[in-house]
Every structure is written in structure tokens, then in C-alpha cells.
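Before any comments, here is the structure.
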Amino acid sequence: MVADARPAFVLHEHHRPRHHFDLRLEEDGVLRSWAVPRGLPTQPGESRLAIAVPDHSIDHLTYEDEHKEIADIGWWEEHDRTERRIILTLHGRHQAVRYALIHTKPDWLLRRTTTQP
């Protein structure tokens, strides 16, 4: 991340081995990553399982291949963070949507909030 640039996010859509999505948030020089098997929640109040996976290098931000494509890309902003949750807005290509990433141990829930930016 450049000094005063906004942190990036990317949502990768994978077609193999099983169809799923990976949400990646730029933080501390890496892309923190979660596998989201059913994709991002589409309705306020809806939650989806999010499984933390190893961080990826920042070079992975724009990576695509025959099995992986960018479903959305943009920047993200953090509104609040505790040990158990992160409240954030993803500012993607077409819209900005607020989510809560909630650590349920061992996994996470990605919840679309009812409050929108």
C-alpha cells in the first residue's frame, strides 16, 4: 500500500476444485484472506461462512488464471474493530456495501449489515 492510498480488496471467484469465492483485504503489506463458499451475502442481515486462509502476497491482488477471475475489486474502509469482529465497507466497482466479519472460532461469519454507507 502506498503511504496515503486506500487499502485494496479483491473478491476472487474460483471455479476449481469446487466453486467458491475468496475475499482478500490489503492489510500490513499482505492480503488477509477468507474463503467464502457461497459468495458474499446479498441481503442485509444475511450471513455466510467465511474460512480464514493463509495470507497472500499483494501481487495476488490482480491475479487471474483459467480457474480464477476477479469478481470485484476496489478499496475497503474499516469502521470498527475488536478481537471478535471487524466492521468494514467494501467500495467495489458498482457499489459500496457494509459488512461485519465476526470471528466465531474456529471460523468467521461474513454478515451484510442493515446499515449501509
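Of the set (1) surrounded by fewer than 13 Cβ atoms within 10 Å (Cβ to Cβ); (2) farther than 24 Å from residue 115 by Cα; (3) not charged (D, E, K, R), all apply to residue 53 but (1). Contact map, region 49-72: first residue within 15 Å of residue 30 (Cβ to Cβ), second residue small (Gly, Ala, Ser), Cβ cut-off under 6 Å, separation 6 or more or different chains; pairs are 53/33; 53/35; 56/33; 61/8. Taking region 56-88, which residues are polar (S, T, N, Q), outside any helix (DSSP H, G or I) and closer than 13 Å to residue 23 by Cα? None - no residue of region 56-88 is polar (S, T, N, Q), outside any helix (DSSP H, G or I) and closer than 13 Å to residue 23 by Cα, so the list stays empty. Looking only at region 21-48, which residues are part of a loop (DSSP other than H, G, I, E, B) and touching a residue at least 60 places away in the same chain (Cβ under 8 Å)? The answer is 40, 41, 42, 43, 44, 45, 46. Filtered by the rule that a residue be touching a residue at least 24 places away in the same chain (Cβ under 8 Å), part of a loop (DSSP other than H, G, I, E, B) and not charged (D, E, K, R), region 89-117 gives 92, 113, 114, 116, 117. Restricting attention to region 27-44, does a residue exist that is out of contact with any Lys or Arg (no Cβ under 8 Å at 6 or more places or on another chain), modelled with pLDDT of 95 or more and exposed (fewer than 12 other Cβ atoms within 10 Å of the Cβ)? Taking every residue of region 27-44 in turn, at least one turns out to be out of contact with any Lys or Arg (no Cβ under 8 Å at 6 or more places or on another chain), modelled with pLDDT of 95 or more and exposed (fewer than 12 other Cβ atoms within 10 Å of the Cβ).
For residue 85, the conditions (1) closer than 21 Å to residue 108 by Cα; (2) among the charged types (D, E, K, R); (3) modelled with pLDDT under 95 are fulfilled apart from (3). If the condition is being under 19 Å from residue 18 (Cβ atoms) and in contact with a Ser or Thr (Cβ under 8 Å, 6 or more places away or on another chain), then region 42-55 contributes 52, 53, 54.
The values are calculated or read from the model by the stated rules, or taken from the named source; none is laboratory data. Note that this is a predicted model, so its numbers are computed, not measured. Note that we place each Cβ from the backbone using ideal geometry, even for glycine, and neighbour counts take in every protein chain shown.
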